[in-house]
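Inspection log for the structure reproduced underneath, given as structure tokens.
Read-outs throughout are calculated quantities, based only on the coordinates presented, and are distinct from any laboratory measurement. These figures come from a predicted structure and were not determined experimentally. Cβ atoms come from the backbone with ideal geometry, glycine included; neighbour counts cover every protein chain shown.
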Amino acid sequence: MQIKKYLSAKNIVAIILIAFAVVARFLPHPMNFAPIAAVAMFSGVYLSKKASIIVPVVAMMFSDIFLGLHNLIFFTWGCMILSGLIGWWVKKHKNTLTIISGSLAGSIIFFLVTNTAVWAVNMGDFYARNFSGLMQSYSLGLPFFRNTVLGDLFYTAVFFGTFEIVLAWERKRRKFQVLG
């Protein structure tokens, strides 16, 4: 009977999101065109506050174990947590504009934080330790930023769109059950 306690609809959604995010990171895709930030924001909107932190970190942890751990891991994982926190805000103001804005905010935060981290950690002394070096890091990150934005918007549309369609279908089904 204890297992039933953990098989709530929200827990099942969380497990599916984690599994999808992990699998998607292993499938061939353009660099940074990944579902993790969308999963994090979606979790912040539809799951508990605790789950919105745990789901993206667990997805990153499982996939990074196999894809490779790196010295920027806490910055990337931190950005996914921030995307979950953005979901908390979207939840309070949910409409198409706030969902798109939240997705874009997550993409921008990821770009700024990870490129600043690359510059600050000074991987291989590639960047000068000055403003020019930071700007070079941002400049070289722009192609990845484009993919981040496109991936985040795509997966956000898929997750939110699919979920809202399912919710609408369920409301309609229940309405017909009551009438029938």
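Quick notes on this one:
- Whole-Hz couplings from phi, Karplus 6.51/-1.76/1.60, listed for the range 18-35; x for Gly and Pro: 4, 4, 4, 4, 5, 4, 4, 6, 8, 6, x, 7, x, 3, 6, 8, 9, x
- Rg in Å to one decimal, and Dmax rounded to a whole Å, for the chain via C-alpha atoms: 18.3, 71
- For the range 68-150, the spherically averaged projection of the C-alpha convex hull amounts to 6.1 nm².
- Counting only alpha carbon atoms, the long axis of helix 96-121 and the longest principal axis of the chain meet at about 30°.
- Counting 0.36 nm for each residue step from residue 171 to residue 27 and taking away their Cα separation leaves a gain of 48.4 nm.
- Farthest towards the positive end of the charge dipole of the range 50-151, among the residues 107, 130, 51, is the Cα of 51, using unit charges on the Cβ of Lys, Arg, Asp and Glu.
- Rounded tilt (10° steps) of 36-46 against the dominant C-alpha axis of the chain: 40
- Here the Karplus relation 6.51 cos²θ - 1.76 cosθ + 1.60, evaluated at θ = phi - 60°, turns the backbone of the range 73-83 into coupling constants of 4, 6, 6, 5, 5, x, 5, 5, 5, 4, 5 Hz, with x for every Gly and Pro.
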